[in-house]
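Remarks on the structure that follows.
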């Protein structure tokens with residue numbers, strides 16, 4: 001019979017250390033869950049109080065959802081308006097991995113060919129008509145529609161204590177004037193995307209949703225200027241928030257290049273094809289923009305703004321063709337122009353170009 005060997009008694013330090021670590025991780029996990037629950041509840045409360053419109057119904061030929069990763073990619077169409085007039089459209093593309101968010105800037109007078117209506121014309125007939133036109137132009141399904149009225153957006157900016165834009169720190173009135181003062185519809189759409197991106201950055205700053213007085217001010221202001229579709233339910237919003245892995249400072253800008261004609265801004269075929277391919281393959285975040293050497297992602301420039309690092313240094317952005325055509329149904333000769341401070345030279349009535357103010361630099365991630 002083998003003798004029974006008693007195990008040597010340890011000093012218990014290793015066990016106590018492991019137990020302490022386990023308790024610490026458990027407490028941290030509970031805290032994270034509680035914070036997430038507070039965040040989701042506050043966002044759900046905000047969504048409950050927003051105005052809603054009908055969701056876009058299916059129709060023959062509507063693009064199908066794109067699913068390459070675990071989840072389908074999602075597109076949120078933000079229609080930026082001033083009263084009844086459309087100022088710009090921004091497609092917020094959330095990748096299936098939920099790690100990339102890219103804001104696609106579409107001018108209000110965008111047309112895919114010389115005979116199609118502009119986005120503004122479609123919007124005048126109804127926001128759902130504009131959404132359907134964006135689906136035809138981009139070849140991508142717009143999962144949800146949001147309407148942002150600039151008449152009330154100034155209050156949101158003030159609730160965020162201002163926005164750091166290309167012209168400096170602006171309050172609500174100045175930020176809206178910055179958008180309205182764009183030299184062209186292309187520039188206005190880029191500024192709209194820039195404002196939305198900076199608003200997201202500022203909303204996350206200074207405690208974000210946990211800074212309840214500040215958050216409540218923002219929510220109250222949003223209720224006066226934001227309308228969402230009925231398909232964007234609280235459950236859908238909660239699921240997106242829980243799944244999201246987006247770093248707000250890395251949100252990308254993707255301006256669509258185009259040429260101004262008498263009937264509207266004709267989308268550059270190369271830029272539009274790149275956009276369509278990026279959306280169709282769920283790879284927009286890595287799709288190079290026209291005249292850019294790499295993906296048009298926001299890098300250190302926006303991160304420095306978010307941390308109070310001052311205005312970024314401009315780099316060359318996507319150029320746009322600006323020659324004006326006299327024939328409504330004839331595509332103009334594309335004459336790429338240089339960019340000044342991240343915004344293309346905007347044409348005057350005579351077809352000459354004038355310099356515009358700068359926008360944040362776009363760098364490869």
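Only the coordinates and a few stated rules stand behind these numbers; no lab work does. As the structure is a prediction and not an experimental result, all values here were calculated from the model. We place every Cβ from the backbone using ideal geometry, glycine too, and count neighbours over all the protein chains shown.
Judged by the mean number of other Cβ atoms found within 10 Å, the most tightly packed of the peptides 225-235, 278-288 leads the ranking 278-288, 225-235.
Taking label positions 7 Å along the Cα-Cβ direction at both residue 180 and residue 216, the computed distance is 3.1 nm, reported to one decimal.
A crude spin-label estimate for the pair residue 230 and residue 205, with each label 7 Å from Cα along the Cβ direction, gives 3.9 nm.
For the pair residue 129 and residue 244, label points projected 7 Å from Cα toward Cβ lie 3.2 nm apart.
Given R0 = 51 Å, the distance between the Cβ atoms of residue 50 and residue 273 translates into a calculated FRET efficiency of 0.90. Calculated FRET efficiency, residue 169 to residue 82, Cβ-Cβ distance, R0 = 22 Å: about 0.45 to the nearest 0.05.
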